Amino acid sequence: MDSVGTNRPPLRPVAAAATRRSALLRPPSHLGLGNRFAETKLGIASGCGGGGGYFGKVQGFDALRSTTTKVQSGKAGRSVTKEMGHTSSGNEVPLKYSSGKAFPLGVSQVDDGLNFAIFSQHASSVTLCLNFPERGNQDDVDIVEFALDRQKNKTGDIWHVSVEGLPASGVLYGYRINGPQGWQQGHRFDDSVILLDPYAKLVYGRKHFAVEKEKPSQLFGTYDFDSSPFDWGDNYKLPNLPETDLVIYEMNVRAFTADESSRLAPAIRGSYLGVIDKIPHLLELGVNAVELLPVFEFDELELKRFPNPRDHMVNTWGYSTINFFAPMSRYASAGGGPVAASKELKQMVKAFHNSGIEVILDVVYNHTNEADDVNPYMTSFRGIDNKVYYMLDLNNSAQLLNFSGCGNTLNCNHPVVKELVLDSLRHWVKEYHIDGFRFDLASVLCRGPDGSPLDAPPLIKEIAKDSVLSRCKIIAEPWDCGGLYLVGRFPNWDRWAEWNGKYRDDIRRFIKGDPGMKGVFATRVSGSADLYQVNNRKPYHSVNFVIAHDGFTLCDLVSYNSKHNDANGEGGRDGCNDNYSWNCGIEGETNDLNVLSLRSRQMKNFHVALMISQGTPMMLMGDEYGHTRYGNNNSYGHDTHINNFQWGQLEERKDGHFRFFSEMIKFRHNHPILRRDRFLNKNDVTWHENRWENQDSKFLAFTIHDHSSGGDIYLAFNAHEYFVDAVIPPPPHHKSWSRVVDTNLESPKDIVPEGVPFTGSGYRIAPYSSILLKAKP
C-alpha cells in the first residue's frame, strides 16, 4: 500500500464501512485511522471444488466411501471421507500413515513417502485432507481425510504425519482444524472449512485470471517433486548491482502486457512470460531494477464474493495475500496452473538477470486476505490458530486489531509468525533468486502482539541480519494505518532503505510552484541528510519517488487538481484528497496547446529532479510515455486500459516524451556524482542562492562538483510563472559549459546527451522549466 491512496479493496458494503485511507505517506498529523476501508470477505462454505474420487486403504481399514456424514476416528491410522454430493469413482489408493516429523513445516519428501507438518498451538484436532484431481473425474469432489492423533502425530505445537503411497506431484491437500470455540479468547476454529497450509509452496485454485465462471473455488496446497530442478544456465549469474546504481521501475506483471496493444498472443498476455517479451523496452528505457507489485497468490475476484457497490471491479494490484510462499498461479500463461506459474516466474527472473536487471518483490506481510470479524473470509491462518497469527484486542472481546486498514493485522513479532515471514523470504531468494523486497506498510512489522510500537522489532532486526537475505535490497514502506509514521526513523541496522514519502511531497510542491519550498527542495535533491545521515546510513537508503502505483500517474499529477474516482463505486470517498497536484489551468483532458505544452514541461521537470537527486530513484510503469488513469488516484480494481500499459501510445510518443525520459536515466547512469555513496559536503555542491529565507522565491540553481575530472553539472529549476535570468558561474578551469537539458525546448532539443556548446554568463530560463549544463573540455 503505497503512495497517496489505497490498494486494499474492501469487501464490506460501503454503507457499513469507514472511509478508505487518504494520506498514508503524510506525517502523523495528517494520518487518520479511518482512511482505508476494512477489507472484508464472505466466508466460503465447507464444500470442496475440483477433483478427487480416490480414497485411501489405511493401515488395514478401508476408507468409507460415499458417506454423507463426516466421521473421525480420533486415532492415527484411520481415515474417512466426506461425500460432497457426487458419486465416488470406486477406486482406491493404498496409503500408509506413520507418525512423521515436525520439521520442516509444509510438505517434504522423506524416505518412506511425504511428510506433512503444520503448526497450531491451540488446536484440539487436526485432519489432513487429500484430493487427487489428476486421477479421477474432475466433477468428483470426494476427499481422503486422515485424523491425526495427539499422541502419535504431534510434537510440541506441530502436528505431523508421514504418508506413503502418494504421487510425487499432482495431489491437492489441506486441513480441517478444530479447537476452543471461545471468540472472546481469540479463537476462530471451524472444522467445516478445509484450510490452506501456510507453508504450501504452490496453491491450486482457479486457472484463469478474473474468469468469473471459475468462482468460487476451494483453495488447496499442492506440491511438485517430479519436475527436474530449474535450469538457470551455465553462464547465469546474479546482477548484484550496487545500491548506488539502482534505477527502480515499479510495475504490475499483468498490467504490463494484458492490453491487446502489446501484440502478444492472447495466451501469454498478462503473464510472467509476457513480461519477458518486453524486457527490451526496459533496457531501452535504461532502468536496471523492477519492483513487482505482489506476485504471491491472491484472489483477484474477492470484490465479487457478495453484492456490493464495487462488485464490478477486479483486484488487479494483489495486496491481499492468501499464501506467502506460492507464486500467483493465474500469472501463468494459458491457464497453466501453479506448477507452470512457478517455472515461468523463474524463467522471467532468469531473463531479467541475463539482461542485467534485478527483481524486487513488493511483499505484504502486514495482513492477509482473511478480512475482519464482521465479514470473515476463512482460508488459512484464521482457522489454524487465529490467536497466534493475528494481533487481537484482548480488552475488546479479542477482536482483530486493524493497523493495516484491511480488517486484520499479522502478528509478525510472535516467534512463530516471525519464522514464517523469514522462511518465506528465504524461500523466494533460494528458489526464485529474488534480489530484494519492498515491505508494504512496514511499520506494522514494528509492532508487538498488542500493537504497541517496538524500538527494536525482532523481525526487522533478523531480516537485516539474516545470512540468506544479506545480498538482498530491503526497502520499507515506513508507515501504517495506525499512525506509526517512521520516515527517516525506521529501525534499520544500517541495512533498511525506505520509501521517502517526504521526498515525494516536497518535490511535488516545489515543482508546481508552492511558496516556501526552495530550502526543503534543496534538502531532498541532495539526499535527505536530515532524515538519513544517521549512524552508517547512506543516501541510497532514501528511495526517492514522485509517483508510485497508488495515487496519480505523472500525467495525471499535472492534469488534475482533484481525484476522479467515480468508477470505483464509492461515491468518490476513496483515494487521497491531498495529492499536491496542479492541472496547469484546465481540469483533465484538453486540446489546449498551451496547457499541453506546460504539462509536458512539468513532467520533464519532475523527471529531471528525480534523476539528479542523491538517493535511489523509482519511477512508475507507464510514466515513460505519459499514461493517464483519467484522474483516478485509486485504480486498484480496474483490469482495463486504466491500469494496463498502452503500447500504442508508447510508439506514438517514442521520439518525444519517451526519448527524454530514457536519455535522462542514462545521463544519471553515466555521471557517478549524481549517485554518491556518501552525503554531500560543502565542497561537493555550490548553492547559487542568497535568498533562502524568501518564501516567495521559487527559483533554485546549484552546481554539483566533480572532483575527479572537473565534469561539473549546473542545474537550475524555475517554478515561477515568469522568466528568470540566471547568472551562470564560470566553468572549471580548461572547461566550458554545454547545454544538455532545457525542458522548455521541443524534442529533440530538450535533451542533447552530448551537449550543445554554451557561451556567455547568463541564461534566460522559461517559466516552469529546468536546465542542466555539463562542464566539458
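Structural remarks
- Where Thr686, Thr316, Thr155 fall by accessible area, highest first, once all protein chains stay in place (1.4 Å): Thr155, Thr686, Thr316
- Cα-based reach from Lys213 at 16 Å (exclusive), listing lysines while leaving out same-chain residues under 8 positions away: Lys304
- Taking the chain and dividing mean pair separation by its residue count, relative contact order in percent (alpha carbons under 8 Å, at least six apart): 13
- The local environment of Asp639, defined by Cβ-Cβ distances under 9 Å, has a net charge of 0 under the rule Lys, Arg +1 and Asp, Glu -1.
- Each residue, Trp687 and Asn535, gets one label point 7 Å from its Cα in the Cβ direction; the gap between the two is 2.8 nm.
- Net charge over other residues, Cβ less than 14 angstrom from the Cβ of Val349 (K, R count +1; D, E count -1): -1
- Virtual spin-label span in nm between Ser261 and Trp493, 7 Å along Cα→Cβ: 4.5
- Taking each residue as 0.36 nm, the span from His734 to Arg471 lengthens on full extension beyond its C-alpha to C-alpha distance by 90.4 nm.
- Total formal charge among the other residues, if their Cβ is under 13 angstrom from that of Asp684, Lys/Arg +1 and Asp/Glu -1: +1
- Taking amide H as placed 1.01 Å from N in the peptide plane, Asp712 has its amide H under 5 Å from the amide H of Asp706, Ala775, each at least 5 places away in sequence or on another chain.
- Among the listed pairs Lys101/Lys201; Lys538/Lys654; Lys430/Lys502; Lys430/Lys538, those with a Cα-Cα distance over 24 Å are Lys538/Lys654; Lys430/Lys502; Lys430/Lys538.
- Modelled label positions at Ser708 and Asn594, each set 7 Å beyond Cα in the direction of Cβ, lie 4.7 nm from each other.
- Cα point-scatterer Debye curve for the stretch 97-224, base-10 log of I(q)/I(0) at q = 0.10, 0.15, 0.21 Å⁻¹: -0.33, -0.72, -1.27
- Rounded accessible area per residue of the stretch 515-662, 1.4 Å, Å²: 30
- Calculated FRET efficiency for the pair Asp226/Arg150, C-beta based, R₀ 30 Å, to 0.05: 0.35
- Rounded to the nearest 10 Å², the accessible area of Ser736 at probe 1.4 Å: 50
- Neighbour count of at most 12 Cβ within 10 Å plus DSSP loop: longest chymotrypsin sites (Phe, Trp or Tyr not before Pro)-free window in the chain: 237-691
- When +1 charges are put on Lys and Arg Cβ atoms and -1 charges on Asp and Glu Cβ atoms, the dipole computed for the chain relative to its Cα centre reaches about 880 debye.
- Protein heavy-atom surface of the chain, 1.4 angstrom probe: 48% of the accessible area is carbon and sulfur, with nucleic acids and ligands not counted.
- Set of lysines near Lys698 by C-alpha distance (under 18 Å), chain-local residues within fewer than 8 positions excluded: Lys512, Lys518, Lys604
- Take the stretch 97-224 with all the other protein chains still there, run a 1.4 Å probe, and you get 36 Å² of accessible area per residue.
- The three principal axes of the Cα atoms in the chain give end-to-end lengths of 97, 57, 50 Å, sorted in falling order.
- Heavy-atom accessible area order for Lys518, Lys430, largest first, 1.4 Å probe: Lys430, Lys518
- Within the chain, longest stretch free of exposed GluC sites (Glu not before Pro) [DSSP loop, at most 15 other beta carbons within 10 Å]: 135-586
- Cβ-derived FRET efficiency at R0 56 Å, Tyr236 paired with Asn577, nearest 0.05: 0.75
- Put Lys465, Lys776 in order of accessible area, highest first, and with a 1.4 Å probe you get Lys465, Lys776.
The values are calculated or read from the model by the stated rules, or taken from the named source; none is laboratory data. Because the structure is predicted, anything quoted here is derived from the model rather than measured. Please note: Cβ atoms are built from the backbone with ideal geometry, for glycine as well, and neighbour counts cover all protein chains shown. Side chains are part of the model used for accessible areas, which takes the heavy atoms of the whole protein and leaves out ligands, DNA and RNA. Shrake-Rupley method; radii C 1.70, N 1.55, O 1.52, S 1.80 Å.
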